[in-house]
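So the structure is just underneath, and the comments pick up after that.
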Amino acid sequence: MHEKTSVLSAQGLRKEYGKGAALVRAVDDVSLDVAPGESVAIVGPSGCGKSTLLYLLGGLERPSAGTLALEGRQLEQMPETGLARLRRHALGFVFQAFHLVDELTALENIELPALLAGSAPRAARERARELLDQVGLEDRAEHLPSALSGGQRQRVAIARALANAPLVVLADEPTGNLDSTATTEVLRLFGQLHAGGQTLVVVTHDERIAATADRLITMRDGRFVGETKLAGGTARGLTEMAGLEG
Amino acid sequence: MPERATLPDREPLQGYQLGVVREVLLALLAGEASHGYQLRARLALALGPLAGALNEGQVYVTLSRLEKAGLLTARRVGQTDRPDRKVYELTPAGRERVDAWLHDTSWPKPAPAEFHLKLVAAAAAGLADPVGIVDRQRRELLVGLAQAQRAALAEPERSVAALLLEGVVLRLQADLRWLEACARYWNSAKER
């Protein structure tokens, strides 16, 4: 246990569906400690339980067993109202399908979480403009989501996730619906967030986004089966990979 | 790895792969006669962060070999304030070689067969768990992918060198997907 230095700490998390012979363990005894500013990617084939795990980590679903702490506050027994408040204030979510409100402009989508969390309208608007600027879409403030490209929509969704300066941003297949160019836009943005000290947990089967993490965890059949630190590598390695040597 | 020591070393690496640089230099000269440093600058731009692999001496050594082979000619041009410089120009034979190179469709070989056979042999001989071998390889490639990606993202938009790095990234991605398929196969083979 490293709860003192972890912003997010899960111990022995388990999520079961069904009963008896039909019992499915979607998440099976998973422990994870995420340090402040750390970027963690969880990868694995579809159906391995990684999305369910992300929902558990974000308090969107409750575990069947195990403990979960966000900055030392225990989440697994917290009443729903407290949990909802915590999700709004302390966590940011990014989904594969963006989940923007179609009737609201980019700017309005981004300010929505701040308004829901009780910010003054003027402060929420100001923060939303800052964030729109940060994701490079200042000239798209008044656009509806339908008028934006996939990459732009996901950037709006990422800005929205940052509205309340969350302790952790949790992302579920953030590049799953994007082509290669739009994926690069999102990769750049995650890189910037990481460099700015944002704690990130990304669940993905896209090796490109996984490779931007500090730490990569492989999940199979509901369990963690391997962990890789992604720092390092040499210039020599890169030239070899490009076919320039050897 | 002790078994490596008994094998003859490959030729010492001289930075840039000779075969490639030869044809590229000829092709660059097809447009106009150039100084060696101009050719080098062109290559460096195309390679971006990988230009470190480009050994300065190598370009000049290669140019003089190509001259001996009759594929280009070099003529000295006097400079007022420094030593003479050579200007290189393509010969008709050199131009033919460039044409042949541009039309050549040979492709750098991805090499799944050796790795595949390693897994088969390891499993057959009971030497090692193929899944473990796959996982180690996967980690290695992921570190490489992370590195290539960081380099690609550090390039300015529309950089020509970023295109090369994208090639590295996409190939590694394909390799990683294949390793995932290997892991699935050998995992289920264990359960049978």
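The values are calculated or read from the model by the stated rules, or taken from the named source; none is laboratory data. Only a predicted model underlies this, so the values are computations on that prediction, with no experimental measurement involved. Quick reminder, even Gly has a Cβ in these numbers, built from the backbone with ideal geometry, and neighbours come from all protein chains shown.
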Checking the structure you have, find out if any residue of the range A:181-190 is touching a residue at least 40 places away in the same chain (Cβ under 8 Å), within 23 Å of residue B:142 (Cα to Cα) and not acidic (Asp, Glu).
yes
Kindly evaluate residue A:208 against the criterion of being in contact (Cβ under 8 Å) with a residue 12 or more places away in the chain, within 9 Å of chain B (Cβ to nearest Cβ) and either among the hydroxyl-bearing types (Ser, Thr, Tyr) or buried (at least 21 other Cβ atoms within 10 Å of the Cβ) (or both).
yes
Given the conditions (1) within 14 Å of chain B (Cβ to nearest Cβ); (2) among the charged types (D, E, K, R); (3) farther than 17 Å from residue B:138 by Cα; (4) touching a strand residue (DSSP E or B) at 6+ places or on another chain (Cβ under 9 Å), which single one is not true for residue A:160?
(1)
Output the residues belonging to the range A:69-101 that are under 22 Å from residue A:203 (Cβ atoms) and without any contact (Cβ under 8 Å) to a residue 60 or more places away in the chain.
A:75, A:76, A:83, A:84, A:86, A:87, A:99
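Condition first: touching a Leu at 6+ places or on another chain (Cβ under 8 Å) and under 20 Å from residue B:148 (Cα atoms). Now tell me which residues in the range A:166-179 satisfy that.
Matches in the range A:166-179: A:175 only.
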Which number in (1) of a type outside the set (Val, Ile, Thr); (2) in a strand (DSSP E or B); (3) touching a residue at least 60 places away in the same chain (Cβ under 8 Å) marks the one condition that residue A:14 misses?
(3)
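Taking the range A:194-205, which residues are more than 10 Å from chain B (Cβ to nearest Cβ), surrounded by fewer than 19 Cβ atoms within 10 Å (Cβ to Cβ) and touching a residue at least 24 places away in the same chain (Cβ under 8 Å)?
A:194, A:197
Residue under question is residue A:108, and the condition is that it be free of Cβ contacts under 8 Å to residues at least 60 places away in the same chain, at negative phi and surrounded by fewer than 17 Cβ atoms within 10 Å (Cβ to Cβ); does it hold?
In short, no.
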Name the pairs: first residue in the range B:113-126 and closer than 17 Å to residue B:138 by Cβ, second residue of a type outside the set (Ser, Thr, Tyr) and not in a helix (DSSP H, G or I), Cβ to Cβ under 7 Å, at least 6 apart or on different chains?
B:122/B:128
Yes or no: residue B:172 modelled with pLDDT of 90 or more and within 17 Å of residue A:206 (Cβ to Cβ)?
yes
Cβ pairs under 8 Å, 6+ apart, first in the range B:170-192 and more than 11 Å from every other protein chain (Cβ to nearest Cβ) and under 28 Å from residue A:184 (Cβ atoms), second surrounded by fewer than 18 Cβ atoms within 10 Å (Cβ to Cβ) and of a type in the set (Gly, Ala, Ser)
none
Name the single residue, out of those in the range A:163-177 being in contact with an Asp or Glu (Cβ under 8 Å, 6 or more places away or on another chain) and surrounded by 19 or more Cβ atoms within 10 Å (Cβ to Cβ), that is nearest to the other protein chains (Cβ to nearest Cβ).
A:175
Verdict on residue A:46 being small (Gly, Ala, Ser) and closer than 12 Å to residue A:201 by Cα
no
What do you reckon, is residue B:91 among the polar types (S, T, N, Q), in contact with a Ser or Thr (Cβ under 8 Å, 6 or more places away or on another chain) and away from chain A (no Cβ under 14 Å)?
yes
Kindly evaluate residue B:142 against the criterion of being under 23 Å from the mean Cα position of the chain (by Cα), in contact (Cβ under 8 Å) with a residue 12 or more places away in the chain and within 30 Å of residue B:34 (Cα to Cα).
no
